[in-house]
Amino acid sequence: MPTVLVTGAARGLGLEFVRQYAADGWTVLAGCRNPQGAEALSAIGGDVHAYPLDVTSDESCAALAGMLAGRPIDLLVNNAGMARRGPRRTNVGLAETDTAEFAEILQINTIGPFRVTRALLPCLRAGKGRMVATVSSRMGSIALNVGGSSYAYRASKAAVNAVNKCFAIELAPEGFTCVVLHPGWVRTDMGSAEADIDADESVRGMRSVLARLTPADSGNFYNYDGAPLPW
Ligand SMILES: NC(=O)c1ccc[n+]([C@@H]2O[C@H](COP(=O)([O-])OP(=O)(O)OC[C@H]3O[C@@H](n4cnc5c(N)ncnc54)[C@H](OP(=O)(O)O)[C@@H]3O)[C@@H](O)[C@H]2O)c1
């Protein structure tokens with residue numbers, strides 16, 4: 001069976017990716033900041049292995065790559081992300097935007113997937129799947145931005161979409177498929193209880209999109225139901 005590595009695997013969508021791929025018999029490498037405290041992750045049966053991973057740290061990514069050296073990975077799911085600290089706020093305007101938090105969000109949402117993908121390239125090159133899926137957001141679509149606000153989150157996801165396009169171009173000669181996905185508005189800690197869908201539905205949708213992709217689809221941006229999204 002194939003091997004997948006999921007970042008941000010201790011809760012939310014990451015935890016659900018682990019649950020579903022493990023249930024299908026995949027080997028799952030679960031990256032999370034605190035594996036010891038990841039009770040829900042530890043409770044998942046199957047071929048699941050937790051590893052410490054902070055996507056903002058070059059050292060942490062290098063340590064993970066060292067632990068996994070020689071191990072093929074078919075699919076990397078760059079899922080770890082951050083929207084804001086504190087309670088859910090939809091209107092984070094100019095005045096409310098904290099620039100230190102803006103930088104932190106870019107570190108996690110934009111540079112994080114870059115850092116993890118680069119560190120794990122030897123493992124991905126050794127795998128047969130050669131696929132990188134980054135969980136972005138339709139809030140990163142400039143074409144779909146009619147509401148404004150959420151400067152940091154929108155910018156971080158627009159930027160990771162650009163990073164993914166570069167992955168797609170640079171890695172095309174090696175047969176990689178690299179895409180960005182919008183998971184829907186999902187009932188997680190980030191999405192809140194008022195969101196539209198459960199993590200189960202979102203991840204089922206994203207997994208079925210990934211299962212249908214070929215290298216010809218690399219560089220694209222998809223909704224969790226498979227619909228293409230505009231930049
Ligand atoms: N939920 C939605 O409606 C929605 C919509 C659009 C896009 N998304 C995207 O979907 C992805 C998952 O979101 P979610 O809803 O599952 O969010 P969540 O419930 O808030 O979970 C966020 C996950 O990211 C991890 N994380 C944060 N910073 C990290 C770091 N520096 N290193 C490693 N892991 C880190 C967290 O780990 P800890 O447990 O250690 O904090 C946690 O596992 C994110 O990229 C998000 O932007 C979500």
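All of the numbers you see were taken from the coordinates with simple rules; none came from a lab. Nothing here was measured: the structure is a model prediction, and the numbers come from that model. Methodologically, a virtual Cβ is constructed for each residue, glycine included, from the backbone with ideal geometry; neighbour enumeration extends over all protein chains shown.
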For this session: Would you mind checking which residues have amide H under 5 Å from residue 68's amide H? H placed 1.01 Å from N; only 5 or more apart, or other chain.
Result: none
Exercise. Remind me, what semi-axes does the stretch 102-203 give for its equivalent ellipsoid, largest first in whole Å, using sqrt of 5 times each Cα gyration tensor eigenvalue?
Worked result: 26, 16, 12
Seminar exercise, completed: Here D for the stretch 1-62, in µm²/s, from Stokes-Einstein with a Kirkwood Rh over Cα pairs at 10 °C and 1.306 mPa s, works out to 140
Problem set entry | Calculated P(r) of the stretch 31-144 - Cα pairs past 23 Å, % | 39
Seminar exercise, completed: For the stretch 25-92, Rg(Cα) over 2.2 N^0.38 Å is 1.33
For this session: Could you work out the Kirkwood radius for the stretch 164-231, taking every pair of different alpha carbons, averaging 1/r and inverting it, reported in Å?
Result: 12.7
For this session: Tabulate in residue order the Karplus-calculated ³J(HN,Hα) for the stretch 174-191, using 6.51 cos²θ - 1.76 cosθ + 1.60 with θ = phi - 60°, rounded to whole Hz; enter x for Gly and Pro.
Result: 9, x, 7, 10, 10, 10, 10, 10, 9, x, x, 8, 10, 6, 10, 4, 6, x
Exercise. Out of the DSSP beta bridges found with both residues in the chain, what percent are antiparallel (nearest 5)?
Worked result: 5
Exercise. If you take the alpha carbon radius of gyration of the chain and divide it by 2.2 N^0.38 Å, what ratio comes out, to two decimals?
Worked result: 0.94
For this session: Rounded to the nearest 500, what is the 222 nm mean residue ellipticity of the chain from helices alone, with -39500 (n - 2.57) per DSSP H run of 4+ residues and division by all residues?
Result: -11500 deg cm²/dmol
For this session: May I ask you to list the trypsin sites (Lys or Arg not before Pro) in the stretch 16-100 that are in a DSSP loop and have at most 10 other Cβ atoms within 10 Å of their Cβ?
Result: 85
For this session: Name the residue, out of 25, 147, 219, whose mean-square fluctuation peaks in a Gaussian network model built on the chain with Cα pairs under 10 Å.
Result: 147
For this session: Could you check which residue among 142, 105, 73 shows the biggest mean-square fluctuation in a GNM of the chain with a 10 Å Cα cutoff?
Result: 142
Seminar exercise, completed: Listed residues 133, 80, 193; largest mean-square fluctuation, Gaussian network over the chain with Cα springs below 10 Å, found at 193
